[in-house]
1. Which listed residue (283, 152, 108) has the Cα farthest towards the positive end of the charge dipole for the chain, taking +1 on Lys and Arg C-beta and -1 on Asp and Glu C-beta about the Cα centre?
2. How are the alpha carbon pair distances in segment 256-295 distributed across 10 Å bins from zero to the largest one, expressed in percent?
3. Per DSSP H run of n ≥ 4, the term is -39500 (n - 2.57); total these for the chain, divide by its residue number, and report the mean residue ellipticity at 222 nm rounded to 500 deg cm²/dmol.
4. With only alpha-carbon atoms counted, please give the Rg and Dmax of segment 237-374, in Å.
5. Carbon and sulfur together cover what percent of the accessible area of segment 184-246 at a 1.4 Å probe radius?
6. Which angle between 0 and 90 degrees, to the nearest 10, do you get for helix 187-199 versus the longest principal axis of the chain when only C-alpha atoms count?
7. If you roll a 1.4 Å probe over the heavy atoms of the protein chains, what accessible area per residue do you get for the chain, in Å²?
8. Roughly what % antiparallel, to the nearest 5, for the DSSP beta bridges in the chain?
Amino acid sequence: MRVVYSPTHLAHDIDTETYMGIPVPANEVAERAERIRTALEADGGFQVGEPTEHGTEPITAVHDEGLLRFLEVAWSELRAQQIPRPFLSADTYPNRSMFEGMSDEAISRLVREPTAHAGGRAGYWGLDSAAPLVAGTYGAARGAVDVALTAVDLVLDAGETAAYGLCRPPGHHAARSMYGGYCFFNNAAIAAHEITRRTGERVAIIDVDYHHGNGSQQIFWRRGDVRYISIHADPDRQYPYFLGRPDETGEGEGSGENLNLPLRAGATNEDYLEATDRACEAIAAVPGSVVVVSLGFDTYGLDPIGDFALTTAVYHEVGRRVAALGRRLVILQEGGYHRPSLGENARAWLRGAEGRPFDPLPAGGFGESGAVAG
Ligand code: SP5
Ligand code: ZN
């Protein structure tokens, strides 16, 4: 399988995020993508190449241009405001209760981008305080979009049955006018939109990251040409808390095109495969020849921010079942934070999708990428 990787991600060099106001070691770090690349190179069955530039047009087809402009200038603006550390977290968010009692018309007039303070603008454009912004973030986010769009090119133009885009930063929490959840541009949504534009076909997104892809759901909420299906932790106990429930099914032309499959804490391989089959049925029910996969490994049993109990073997099987749909796959990396296992989990998923055998490393270790006992 062809793999698209860009070293631009390295400049999105994060060491700290905040969790409920407390600085903690960052989860979404450069080492993640390097682990995956190294494991795929060692496998021998993957050809790793760099993306081509696709410009901003496919981004603004999906995102508000103001979001792009903000992310482009936020870093230098923070420098100018003497913010001493390489980090951007909002000062104030426009909580909906701030406008309680006001008309929709008044609210849409008032909730606008402040011009003179990056901390206020981060509140306008941002979902949360856990998406650190450093000098290289904008370039890395642009690079991740190029990775996704190059994977699309491989499938649409180069005759590949499947391609894997090693996107970093990830994308599925980014909405049309919002970044957050370690995500800046929604790589999968940009790819899915581009596929609809170029093929005229319907596209399905299957999101198997541990978290609900609120951004992808929002972007396609009213669209009949992109079906979004997500298996994730129940938002009652997990980020992003305010979206991801089964009664969110889309509106207008998108009515019935959104399927949320939340799972309990401790969800097992069996639970996951059952949900995978439901997701695959929902894909098979609509026409189209390309599926976008939002691939996360934060469902893994040892993930530091997840609470599912999946093992490496199940990723091979999930990849196999998604490929068994018989559609072309644009597979894009989202989350997954247990660094030692990321390479093996990605290798297992992608080998499953290619119809190659599981071929695990011996005795539950993760090889040169860092053995873990037990
Ligand atoms: C792409 C992706 O996977 N984004 C995830 C964003 C999750 N943001 C919230 C992280 C909260 C980490 N909490 C650690 C608490 C451990 N008890
Ligand atoms: Zn996630």
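1. It is 152, whose Cα lies furthest towards the positive end.
2. 23, 54, 21, 2
3. Calculated at 222 nm, the ellipticity per residue is -11000 deg cm²/dmol.
4. Final numbers for Rg and Dmax: 15.8, 51 Å.
5. 52
6. 80
7. 40
8. Roughly 15 percent of the DSSP beta bridges within the chain come out antiparallel.
The values are calculated or read from the model by the stated rules, or taken from the named source; none is laboratory data. These figures come from a predicted structure and were not determined experimentally. Positions of Cβ are backbone-derived with ideal geometry, glycine not excepted, and every protein chain shown enters the neighbour counts. Ligands, DNA and RNA are excluded from the accessible area calculation, which covers all protein heavy atoms including side chains. Shrake-Rupley method; radii C 1.70, N 1.55, O 1.52, S 1.80 Å.
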